[in-house]
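Before any comments, here is the structure.
No lab work stands behind these numbers, since they all come straight from the coordinates. All values derive from a computational prediction rather than experimental measurement. Quick reminder, even Gly has a Cβ in these numbers, built from the backbone with ideal geometry, and neighbours come from all protein chains shown.
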Amino acid sequence: MSNIQMQPTTLAGIKYFTPESGYQLSGRDGLVAILWADKPPIPLLEEDYAVLDAASTPDYDMVGRGIYQVLRLNPDCIGAAAYASILKEAYPHIISELGGQIIMLEAREVDTPYIDRKINFLKIMALIDPENAGLPLEIARAYVDKGSRLSSLQHAVPSWYSAEKQLKIAVNLNPVDRHAAYEYGEALYVLGRYDQAAEVWSELITLLEPAERARVEARIAAILAGKLPAVPPLDYLTALAVAVEQHGNGFSDDAAAIITDVLADAVFAEQFPLNEVYYLLGTCYQEIGMMAEAAEAFKRS
């Protein structure tokens, strides 16, 4: 089945236009001339679609605006690779804008919605440059950031699974990148795939500097010795997300009980930075009148 026969992804503010056979996208004073044959339907902003009449077709600017918006909304949409290819070939100014947006987001601390925007921008760039191993690595790091923040732990499960997928792509594209390989092993570890993590880390030992090698060898030895969290780290992150929710709903005692259960696993508590968690625990204790316990938790935050 060709792309043009596939049902396009429904997105807010977007309507799709299916051109007649022979439609050619033209623009930039003749520098752009792309035959639309075998490509997915053209995404258009609703306001651009509304001005078309029965005899007209979208112009160069309309097509560019529509494709860019579709990919910003969902870079995993049906036809995404084809749309990205058109951007690369016909809209260098949009590619330049996209790069500027990524640089801007990387230059400052951002909240979860901005992390999502950064992920989408990076995914567009990965569609445009699929052989660039650095792009899936950066996408994975954004997912890890999202899946590790106390404020967004409700997204931990999809974020860590997405990070693992992107890191696998990065490692396959550049097997000698020790940073990508280590982070791939870390994602597998968080998902509870300990043997796979040890295998990945074992293969990168020769790429490491002595200090890095000692740290990784210690992680492998702990796995082989069974010195592991009682449940996969991702399960603990999910539990902490529940604690955050309970605290937000005013149930500080329940939140504190969940957090103390998680922190009771010494292996997990040692391996993962939990400053924010101790601060939340201190806040919970403070709110239920356990002032000594609150002071101790705050010291560790």
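Mean residue ellipticity at 222 nm, helices only, the chain: -20000 deg cm²/dmol; runs of at least 4 DSSP H residues each add -39,500 (n - 2.57), and the sum is divided by the number of residues. Listed by chain and number, the lysines placed with their C-alpha closer than 19 angstrom to that of Lys123 are Lys88, Lys146, Lys165, Lys168; residues fewer than eight positions away on the same chain are left out.
Using the Karplus relation 6.51 cos²θ - 1.76 cosθ + 1.60 with θ = phi - 60°, the per-residue 3J(HN,Hα) values for region 169-186 come to 4, 4, 5, 5, 6, 9, x, 9, 7, 5, 5, 5, 5, 4, 5, 4, x, 5 Hz, with x marking Gly and Pro. Out of the GluC sites (Glu not before Pro) in region 178-207, which ones are loop residues according to DSSP with at most 10 other C-beta atoms within 10 Å? Passing sites in region 178-207 do not exist. Converting phi to 3J(HN,Hα) with the Karplus coefficients 6.51, -1.76 and 1.60 and the offset θ = phi - 60°, region 49-54 yields 4, 5, 8, 6, 10, 4 Hz in sequence order, with x at every glycine or proline. Of Gly99, Ala33, Ala140, which is farthest on the positive side of the dipole of the chain, counting Cα position, with +1 on Lys and Arg Cβ, -1 on Asp and Glu Cβ, and the Cα centre as origin? Selected residue: Ala33.
Applying the criteria of a DSSP loop state and at most 12 other Cβ atoms within 10 Å to the GluC sites (Glu not before Pro) of region 100-160 yields Glu109, Glu131. Of the residues Met290, Pro210, Leu263, the one whose Cα sits farthest toward the positive end of the charge dipole of the chain, with +1 on the Cβ of Lys and Arg and -1 on the Cβ of Asp and Glu, is Pro210. Here the Karplus relation 6.51 cos²θ - 1.76 cosθ + 1.60, evaluated at θ = phi - 60°, turns the backbone of region 121-133 into coupling constants of 4, 5, 5, 4, 4, 5, 5, 6, 10, x, 8, 7, 5 Hz, with x for every Gly and Pro.
Projected onto planes of every orientation and averaged, the convex hull of the alpha-carbon atoms in the chain covers 20.0 nm². Shown is the FRET efficiency for Ala222 and Asp253, computed with R0 = 25 Å from the Cβ-Cβ distance and rounded to the nearest 0.05: 0.15.
Quick check: net charge around Lys15, other residues with Cβ under 9 Å of its Cβ, Lys/Arg +1 and Asp/Glu -1?
That works out to -2.
The trypsin sites (Lys or Arg not before Pro) of region 101-145 meeting both criteria, a DSSP state outside H, G, I, E and B (loop) and at most 12 other C-beta atoms within 10 angstrom of the site's C-beta, are Arg108.
Charge tally around Thr238: other residues with Cβ under 13 Å, Lys/Arg +1 each, Asp/Glu -1 each, net -3. In a reduced charge model with +1 at each Lys and Arg Cβ and -1 at each Asp and Glu Cβ, the chain shows a dipole moment near 360 debye about its Cα centre.
Net charge near Phe298, counting Lys/Arg +1 and Asp/Glu -1 over other residues with Cβ under 14 Å of its Cβ? Local charge sum for Phe298: -2.
Between the listed residues Pro175, Pro229, Gly64, the Cα displaced farthest toward the positive end of the dipole of the chain, a dipole computed from Cβ unit charges relative to the Cα centre, is found at Pro175.
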